[in-house]
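Heads up, the thing below is written out as structure tokens.
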Amino acid sequence: MIEQTTLEFRTRGRGTTDITAEVQRAVAASGIAKGLRTVFLQHTSASLILCENADPDVRRDLETLLSRLAPDGDPAYVHDTEGPDDMAAHARSILTSNSLSIPVAEGKLMLGTWQGLYLYEHRTAPHSRSVVVTVMGEG
Amino acid sequence: MIEQTTLEFRTRGRGTTDITAEVQRAVAASGIAKGLRTVFLQHTSASLILCENADPDVRRDLETLLSRLAPDGDPAYVHDTEGPDDMAAHARSILTSNSLSIPVAEGKLMLGTWQGLYLYEHRTAPHSRSVVVTVMGEG
Amino acid sequence: MIEQTTLEFRTRGRGTTDITAEVQRAVAASGIAKGLRTVFLQHTSASLILCENADPDVRRDLETLLSRLAPDGDPAYVHDTEGPDDMAAHARSILTSNSLSIPVAEGKLMLGTWQGLYLYEHRTAPHSRSVVVTVMGEG
């Protein structure tokens, strides 16, 4: 069995949004109990990450590190059409991930206790982001 | 239904090649309309990335950043059997990705408007690279 | 057909463990000859990587690079509840990967000649790590 749906999120600019519950709810009515749920982000300036979900400081420190690895407005960038965060956002997206497959058992995402699924907006301005959820498996 | 095929690419040394069309065409005759297409690179010194496909400067700037994060010929490297780009290539591969799952609807890859799928060669010399495409889904 | 199992590994602290054989053996009795095997790590301070498997120096150099990109005890970190390697481990996990899908043919992982699948422990102390293996395909 396969079920597919697209979730739309409105971000508030750079930062993370916990989308675990939305992804869990998506096509929950499909009756797929065992299998795999793949989340895919249709953008190149944001990402999907699995991150520690207890202490928000982890995501704050992650932001500090990514800003260092792919700084906004780096003088070496040629691509800056949409501003100093444009190229940095593309690089951050590639250094993290756009596509994640998470196992499903008894209809639930088999995440670890401290794992949250986050949409990470890398642009400084708010954006609309589409995440395609595909569930494959058996009832 | 499952279809699997291996695509072979000859790279021209370090840099990106857009393989979106080849991956889209692969096993297009399978009749799988809805599901997931997984691309897997059988190498550890190249990668598969989803990158902005409109402005080639994005890939040029990405190259600048990766050269900084994993420099060729870094004096700290112990592994340099095949030259100064050898270890750098392995590190770049691990910092990006080798395996990507992309949803399929109506027989087409559900990529975002600005998303291209690229084979990224990290070695400076040309190489032959194998990409396994697995399509799972229903007609 | 779908088969799913969880493998448990005890790490010896920071460093890599080759888990290729264990993942290959997992649910080998399932009779799934063609398809996809997805490995998923239920933790946010370790990772799953595909790395060159011939020269251990590659993993040593990778460790050197990751220590540079996400240093232990960086004064910028706010999150240090579990010690100087705590936040560094979360960042390393996100810069590498937690979820990998590997094609299967004739019942075997279609890895390249030099590709090994490694569990990468990023904490300095030993930990127990759970890897969920999901095999989807046909006989």
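Kindly provide the set of residues from region B:123-132 that are open to solvent by less than 10 Å² (accessible area, probe 1.4 Å) and more than 27 Å from C:A105 (Cα to Cα), ordered by number.
Hits for region B:123-132: nothing passes.
On the basis of being closer than 30 Å to A:E138 by Cα, β-branched (V, I, T) and either in contact with a helix residue (DSSP H, G or I) (Cβ under 7 Å, 6 or more places away or on another chain) or surrounded by fewer than 20 Cβ atoms within 10 Å (Cβ to Cβ) (or both), does B:V135 make the cut?
Yes; evaluated as a whole, the condition is true for this residue.
So A:G83 passes all but one of these: (1) at positive phi; (2) touching a His at 6+ places or on another chain (Cβ under 8 Å). Which condition number does it fail?
Here A:G83 meets the rest and fails (2).
Test A:L119 against the stated conditions and say whether it is under 15 Å from the mean Cα position of the chain (by Cα) and either open to solvent by 10 Å² or more (accessible area, probe 1.4 Å) or touching a residue at least 60 places away in the same chain (Cβ under 8 Å) (or both).
yes
Of everything in region A:86-111 that's without any contact (Cβ under 8 Å) to a residue 24 or more places away in the chain and open to solvent by less than 10 Å² (accessible area, probe 1.4 Å), which residue is farthest from B:S47 (Cα to Cα)?
Looking at the filtered set, the residue picked out is A:M87.
Output the residues belonging to region B:104-139 that are away from chain A (no Cβ under 13 Å), over 16 Å from B:E63 (Cα atoms) and in a strand (DSSP E or B).
The answer is B:S128, B:R129, B:S130, B:V131, B:V132, B:V133.
So which strands (runs of 3 or more DSSP E) stay within region A:1-96 end to end and still have 2 or more residues that are within 12 Å of chain B (Cβ to nearest Cβ) and more than 28 Å from C:M87 (Cβ to Cβ)?
Result: A:2-10, A:34-41.
Among the residues of region B:27-67, which ones are closer than 15 Å to B:M110 by Cα, surrounded by 17 or more Cβ atoms within 10 Å (Cβ to Cβ) and small (G, A, S)?
B:G35
May I ask you to list the residues in region A:89-139 that are touching a Pro at 6+ places or on another chain (Cβ under 7 Å) and within 20 Å of A:E8 (Cα to Cα)?
A:V132, A:T134
Considering each of C:T6, C:T81 in turn, give the residue that is over 21 Å from B:L95 (Cβ atoms) and without any contact (Cβ under 8 Å) to a residue 12 or more places away in the chain.
C:T81
The values are calculated or read from the model by the stated rules, or taken from the named source; none is laboratory data. This is a predicted model, so every value here is computed, not measured. All Cβ positions, glycine included, derive from the backbone under ideal geometry; neighbour counts span all protein chains shown. Ligands, DNA and RNA are excluded from the accessible area calculation, which covers all protein heavy atoms including side chains. Shrake-Rupley method; radii C 1.70, N 1.55, O 1.52, S 1.80 Å.
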